[in-house]
Amino acid sequence: MYESRTHKPLATGAFASRLASHVLIATLLLALSLVIGMAGYMEFENLSAMDSFLNASMLLGGMGPVNAPQTEAGKFFAGCYALYAGLVFIVTAALILTPVVHRVLHKFHWDGEE
């Protein structure tokens with residue numbers, strides 16, 4: 001997927017494009033996850049769209065829900081969504097940091113031969 005150590009590091013413009021594509025994928029993942037969380041809170045806890053947005057975004061941001069779930073189904077959803085949100089947080093950070101870390105390591109280990 002990325003260039004090997006025997007290849008010259010990407011030009012700045014190409015690297016910026018790669019980084020932008022990773023940020024776009026991370027943003028789409030967050031948006032989809034937010035919609036899933038909002039739908040779940042609206043369905044299982046009968047929260048308004050704004051309250052559902054607040055709870056889902058707080059979980060995705062690693063803070064925790066604002067409204068404690070009241071129903072059994074809402075508690076189950078909130079628990080599953082919290083586990084999912086934790087993984088999304090890690091995946092999003094990895095998606096954004098991967099091109100940067102690869103570039104730094106590539107610059108240090110590039111042979112300079114083609």
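The values are calculated or read from the model by the stated rules, or taken from the named source; none is laboratory data. These figures come from a predicted structure and were not determined experimentally. We place every Cβ from the backbone using ideal geometry, glycine too, and count neighbours over all the protein chains shown.
What the table shows:
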| item | result |
| --- | --- |
| Residue check, Met63 closer than 20 Å to Ala31 by Cβ and in a helix (DSSP H, G or I) | no |
| Conditions (1) under 20 Å from Met1 (Cβ atoms); (2) under 11 Å from the mean Cα position of the chain (by Cα); (3) surrounded by 13 or more Cβ atoms within 10 Å (Cβ to Cβ): number failed by Ala93 | (3) |
| Residues being out of contact with any Pro (no Cβ under 8 Å at 6 or more places or on another chain) and either modelled with pLDDT of 95 or more or buried (at least 16 other Cβ atoms within 10 Å of the Cβ) (or both) - total across the stretch 52-69 | 8 |
| Cβ pairs under 8 Å, 6+ apart, first in the stretch 1-18 and surrounded by 12 or more Cβ atoms within 10 Å (Cβ to Cβ), second assigned to a loop (DSSP other than H, G, I, E, B) and among the aliphatic types (A, V, I, L, M) | Glu3/Leu10; Arg18/Leu10 |
| Residue in the stretch 95-104 that is in contact (Cβ under 8 Å) with a residue 40 or more places away in the chain and among the hydroxyl-bearing types (Ser, Thr, Tyr) present | yes |
| Residue, surrounded by the fewest Cβ atoms within 10 Å (Cβ to Cβ), within the stretch 19-37, restricted to residues that are in contact with a helix residue (DSSP H, G or I) (Cβ under 6 Å, 6 or more places away or on another chain) and more than 13 Å from Ile96 (Cβ to Cβ) | Leu34 |
| Residues within the stretch 68-102 that are more than 18 Å from Ser33 (Cβ to Cβ) and in contact with a Leu (Cβ under 6 Å, 6 or more places away or on another chain), tallied | 1 |
| Condition check for Leu59: within 23 Å of Pro9 (Cα to Cα) and out of contact with any Ser or Thr (no Cβ under 7 Å at 6 or more places or on another chain) | no |
| Any hit, the stretch 44-51, residues being assigned to a loop (DSSP other than H, G, I, E, B), more than 22 Å from the chain's Cα centre (by Cα) and surrounded by fewer than 13 Cβ atoms within 10 Å (Cβ to Cβ) | yes |
